[in-house]
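Where a number appears in this text, it was derived from the coordinates with a stated rule and is not lab data. Only a predicted model underlies this, so the values are computations on that prediction, with no experimental measurement involved. Virtual Cβ from ideal backbone geometry, glycine too; neighbours counted across all protein chains shown.
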């Protein structure tokens, strides 16, 4: 993929926010082994309903794509079927919106049955409004009459019905998986001696690495967005107090998480809703980390878990300071705004012992001892 990234600075978005979003979009392109070969953005109060960026900019986009031999145009926003059709017709280049790209990554990364079903569900829900589109309208003119349906409309209805049937089937399968997982979580919930912890955070903040470090479990990690999608659960035991901590890693979040993805991954997010403690993992080497913390906080509010006990885990500090000696506990309060927090480097192991002590303290405050 040789991609041109396109963004619009609306009245509700600052230039800094736009540039940050395009940088993240470039990371998403890289995650599907693509290369960003050009960028185009403009300022307008609201996106153009026909072409998102206006017909003049689309012509400019066509010239740019031809000049740098781009084969894909990726928009950092949600496009309507009409907008995609109009842009592709003018430029002659494949057009994707942000959700298309995220779903493409998810499709490649899903490994377990549950993750694959969730990705398929999100993809179908995203495709459904696009079934008719411009081609459907064009085909409907073939043989259409006052009391008859055009070929395009019939084809669109058939495809829509097929998608709806598949969505219903997937939802049933996911519901069965949810019931199985509920039984597992019910046992944990009924056992007051087990502390249930959920790892949450923006994508690529080091959650999987932290799970490995805390539980000595080997899970796949990679320095890219959405490296892993599957829910992973492991545990650690504090032998001196006979306490067990069950830790679940969840899919990474992104700003303005598409609704289809939020709905599809509700099974994963249920692990967060039933956790006793949330570890919000943050990449403090990212210059936009505070904005991303706010994005994750907004998602936690959407799933109504923002009132749960939470520890801010300020990770990747090794990219900011040269050694562990520079760490001071006062910095944690300053960076976290007074929230319970700990600055660590999962990679180097810096301050991880303090995180263990935090987990131990929360485990001690829940129940008595683990039997067996």
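For the residue pair residue 60 and residue 82, what label-to-label distance in nm results when each label sits 7 Å from Cα along the Cα-to-beta-carbon direction?
Between residue 60 and residue 82, the simple spin-label model gives 2.4 nm.
Output the relative contact order of region 2-105, whole-number percent, from Cα pairs under 8 angstrom with separation of 6+ residues.
Working: 160 pairs, mean separation 35.6, N = 104.
Here the relative contact order equals 34 percent.
For a Förster distance of 22 Å, can you work out the FRET efficiency between the beta-carbons of residue 128 and residue 176, rounded to the nearest 0.05? Before the final figure, lay out the partial values.
Details: r = 23 Å, r/R0 = 1.04.
It comes out at approximately 0.45.
Along each principal axis of its Cα atoms, how long is region 191-364 end to end? Whole angstroms, biggest number first, please.
Extents along the principal axes, in whole Å: 45, 41, 31.
How high is the relative contact order of region 191-364? Use alpha-carbon pairs under 8 Å, at least six apart in sequence, and give a whole percent.
Values: 293 pairs, mean separation 43.8, N = 174.
Worked out over region 191-364, it gives 25 percent.
For the residue pair residue 291 and residue 324, what label-to-label distance in nm results when each label sits 7 Å from Cα along the Cα-to-beta-carbon direction?
With each label point 7 Å from Cα toward Cβ, the separation is 3.4 nm.
For region 2-105, place one equal point scatterer on every Cα, skip the solvent, and apply the Debye formula. What is log10 of I(q)/I(0) at q = 0.22 Å⁻¹?
-1.24
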